[in-house]
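Reading through the structure tokens given below for one structure.
The values are calculated or read from the model by the stated rules, or taken from the named source; none is laboratory data. Being a predicted model, the structure only gives us computed values, none of them experimental. FYI the Cβ positions are ideal-geometry reconstructions off the backbone, even for glycines, and counts take in every protein chain you see. Keep in mind that these areas ignore ligands, DNA and RNA; they rest on the heavy atoms of the full protein, side chains included. Shrake-Rupley method; radii C 1.70, N 1.55, O 1.52, S 1.80 Å.
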Amino acid sequence: MPDRQTVAPAKRALDLFGALTLLTLLSPLLLAVGATVRVSHPGPALIRRRRLGLGGTPFDMLAFQASPSTPLGRRLRHHFLDQLPQLVNVVRGEMSLVGPRPLPPQKAATCPDHARMAVRPGITGLWQISGRSGLPWEEMAILDLHYAQECWLGLDLMILLRTVPACVRGRGPRIAPDHREHGRARLA
């Protein structure tokens, strides 16, 4: 397996090519979803969530406003369409197509394992294709750590190929890990 310095430029090239291609192909869908969200929700169609990226650098992760209490929000989350604006984060270099999900600063402060910060966070990753809401936080963290240690292009391609059917088939929204251990679940 090639070392991380060899993989990084190829991974970035794959990220740029994939994100720009998807933004181009999905632009009618992005515009339609954005307009529908804007008409059906008060406030902006896009929201920004503060997250930590590569090396713990803070950035604003983009997402469509998708309240779980509305039919539109549930549908967007079910098919992961609320995450499509994160393709812009990939183009900017703040995220990757594949990697551990980015943590909010308050969760990262309580997470003892900082190895996940050695790679760019991703739109999809091992735990997103391995059960989402069915996995406890500890297993999600283990999968993220495994990815950070074993990061290579073949694994990225496998994850991307498994992400497409998961998005088309749809899955339930995940339970936010930061609320799971406190006994109250919150849709994230």
Legend entry - Prolate/oblate/rounded call for the stretch 1-101, Cα gyration tensor, a/c under 1.5 rounded: prolate
Legend entry - Cβ crowding within 10 Å averaged over residues, with 115-125, 35-45 ranked highest first: 115-125, 35-45
Inset, instruction - Starting from the residue with the highest accessible area, list Glu139, Glu94 in decreasing order, probe 1.4 Å. - result: Glu139, Glu94
Inset, instruction - Could you go through the stretch 118-124 in sequence order and give the Karplus-derived ³J(HN,Hα) for each residue, using 6.51 cos²θ - 1.76 cosθ + 1.60 with θ = phi - 60°, rounded to whole Hz, and x for Gly and Pro? - result: 7, 10, 5, x, x, 6, 10
